[in-house]
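Please read the structure below before turning to the comments.
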Amino acid sequence: MQIIQPILFGIIYAFIEEKYVKTKIHATPCDLFSPYRILYFLLFLIATFTTPYKDWIAYWLISMSVEDIFYWIVAGEKPYQWTWYYIVWHGIPIIDVVEITIAVILLTTP
């Protein structure tokens, strides 16, 4: 049941980001280390805090993936590669596949 919180947070943040932040700030490869990106990662880490820490990392990854997926739905666009670390293959962001895979492994291993 605790997995609902990171999913809901990701969905809500997707609406906020699309409405107020927009993808215009994601323009250069340096964005991974921009103040917005650092704040984004910290905000998602705080919002998904739980113990054990393995679950925390899994929920953090899930929340960011859900946010990403819902952002593209809300924006009404097909995902595209906008920077060096956001690789998209046939409309599928590879980072989301990696994040969800790691999260599933973390949540299903003892």
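The values are calculated or read from the model by the stated rules, or taken from the named source; none is laboratory data. These numbers were taken from a predicted model, which means no experiment stands behind them. Note that each Cβ is placed from the backbone with ideal geometry, even for glycine, and that neighbours are counted across all protein chains shown. Calculation scope for accessible area: heavy atoms of the full protein, side chains included, ligands and nucleic acids excluded. Shrake-Rupley method; radii C 1.70, N 1.55, O 1.52, S 1.80 Å.
What to note about this one:
- Scanning the stretch 57-110 for residues that are out of contact with any strand residue (DSSP E or B) (no Cβ under 9 Å at 6 or more places or on another chain), assigned to a loop (DSSP other than H, G, I, E, B) and open to solvent by less than 50 Å² (accessible area, probe 1.4 Å) turns up T83, Y85, G91.
- Among residues of the stretch 35-56, those that are open to solvent by 60 Å² or more (accessible area, probe 1.4 Å), assigned to a loop (DSSP other than H, G, I, E, B) and not hydrophobic (A, V, I, L, M, F, W, C), counted: 2
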